[in-house]
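Rule-based calculations on the coordinates, nothing more; no lab input. Only a predicted model underlies this, so the values are computations on that prediction, with no experimental measurement involved. All Cβ positions, even for glycine, are placed from backbone atoms using ideal geometry, and neighbour counts span all protein chains on display.
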There are 2 protein chains.
Amino acid sequence: MGRGKIEIKRIENSTSRQVTYSKRRAGIMKKAQELTVLCDAEVSLIMFSSTGKFTEYISPSVTTKQIFDQYQKVSGINIWQPHYERMQDNLNKQKEINNKLRREIRQRIGEDLDDLTIHDLRGLEQNMESSLKTVRDRKFQVISTRTETHKKKFKNMEETHAKLLREFEGRDDEPHFAMAGHEGEYESVLGLGNGGSHVFAFRLQQSQPNLQSGGEFGMNDLRLA
Amino acid sequence: MGRGKIEIKRIENSTSRQVTYSKRRAGIMKKAQELTVLCDAEVSLIMFSSTGKFTEYISPSVTTKQIFDQYQKVSGINIWQPHYERMQDNLNKQKEINNKLRREIRQRIGEDLDDLTIHDLRGLEQNMESSLKTVRDRKFQVISTRTETHKKKFKNMEETHAKLLREFEGRDDEPHFAMAGHEGEYESVLGLGNGGSHVFAFRLQQSQPNLQSGGEFGMNDLRLA
DNA sequence: AAAACTATGTATAACAG
DNA sequence: TCTGTTATACATAGTTT
């Protein structure tokens with residue numbers, strides 16, 4: 001090639017190395033393109049110069065991603081498999097835990113009891129009894145706190161009202177308490193109403209989206225090497 | 001190149017296309033190798049012939065994975081980002097669902113009730129009451145079934161025994177029933193024991209492993225294009 | 001089908017502006 | 001540092017073995 005036989009050996013002069021790189025890069029790019037056109041080949045050529053400059057040729061019939069995928073398939077090396085597998089594992093673990101949790105809740109709702117032994121059922125019953133007691137206690141605690149507060153408020157208002165009455169004494173013929181309208185609220189606080197709350201128990205009705213991945217992407221078969 | 005100016009145009013004859021491919025492939029591989037040595041470049045050349053045959057050249061100083069990673073970094077295109085993101089999303093969704101389920105269970109166990117309003121508490125209580133009733137019903141149902149079965153078995157054995165007695169009549173002076181040893185089992189079936197089962201409620205104690213991934217692998221920065 | 005040959009066009013090293 | 005020129009080694013299409 002060129003004047004005098006060339007030795008294929010690292011060019012020590014950095015400048016002429018860069019020049020040579022530019023020229024030969026153009027040459028090899030052309031070759032790649034010719035190969036693509038002449039022979040219907042799919043070619044991916046990626047080059048980084050010693051200074052880190054990046055150049056690529058890719059056959060117009062494909063994308064670099066396709067080449068990478070194909071490379072992995074053919075070479076048997078799934079470069080990103082470790083990540084992918086790890087994530088998939090995690091996903092599966094989460095799903096498994098999820099299912100267990102769902103099942104537990106269903107059993108606590110009274111569904112899906114068929115698989116349980118009498119022993120299990122007795123355990124569940126006892127557990128639910130004590131849990132129910134805890135919830136009940138908590139409810140009463142909250143109610144009593146609220147009731148106490150209301151009592152205080154009420155007393156306060158009574159006093160205020162009495163004071164007002166004293167201030168206005170003589171003016172009004174017939175004093176009247178202005179406390180009506182609180183009874184309803186009071187009642188609701190005490191839990192006498194029974195328009196039950198349905199906040200619980202059906203959160204888990206939300207359909208679980210199909211989270212299985214793989215396959216539909218070009219991630220290949222992900223078989224083990 | 002060669003005898004007569006060659007047109008760079010798809011070779012229609014399949015055989016000579018393959019031959020040309022072989023020859024030129026060798027040529028371009030040589031060029032790639034020369035570029036590597038001469039210019040300190042990092043070169044990745046991947047080719048698939050029209051028949052699908054795979055050939056690659058890779059500079060000895062690097063691995064194909066490194067080239068791919070570098071390619072993604074430089075080109076700003078993270079080829080596998082969509083999968084990765086999608087999986088991460090799924091994982092997060094699963095975790096979220098998981099946490100909700102855990103919380104629900106905790107509340108059904110009587111923990112984590114502080115955030116609940118009186119309304120919620122009343123709903124939870126009612127729900128638990130009815131669920132408990134369902135569980136209790138189921139338990140009794142199972143017990144009665146088993147009891148029925150045992151009764152039948154018992155009756156059957158009694159008859160068998162009576163038959164045997166009749167067959168052996170006259171031989172034995174004093175007939176004795178061989179039914180001892182069943183009482184214990186019977187009792188346990190009837191739920192009289194109270195060495196409670198602890199099957200429930202603490203499945204969710206299993207620690208949730210840290211499933212966050214990314215970063216530690218060479219997956220690059222995964223920033224958006 | 002694969003290897004060898006060879007005539008000829010290409011790529012490019014060295015050089016010049 | 002780029003652009004152009006040129007001599008020459010190289011790659012290779014077509015052919016033969």
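Listing for the model above:
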item	result
7 Å along Cα→Cβ, label-point gaps from B:K153 to other copies, nm, shortest first	6.2
Relative contact order computed over the range A:2-151 (Cα-Cα under 8 Å; 6+ residues apart), in percent	9
The range B:53-90 and the range A:122-174: distance between their alpha carbon centers, rounded to Å	67
Computed log₁₀ I(q)/I(0) - Debye formula, equal Cα scatterers, no solvent, the range B:1-145, q 0.21 Å⁻¹	-1.26
Label distances, nm, A:N99 versus same residue in remaining copies, Cβ-directed 7 Å point	2.5
Computed label-point distance, nm, for sites A:K9 and B:K93 using a 7 Å Cα→Cβ extension	6.3
Distance between modelled label sites at A:K65 and B:S144, nm, 7 Å Cα→Cβ extension	6.3
Violating pairs (Cα-Cα greater than 26 angstrom) within the set A:K65/B:K95; A:K23/B:K9; A:K30/B:K23; A:K139/B:K133	A:K65/B:K95
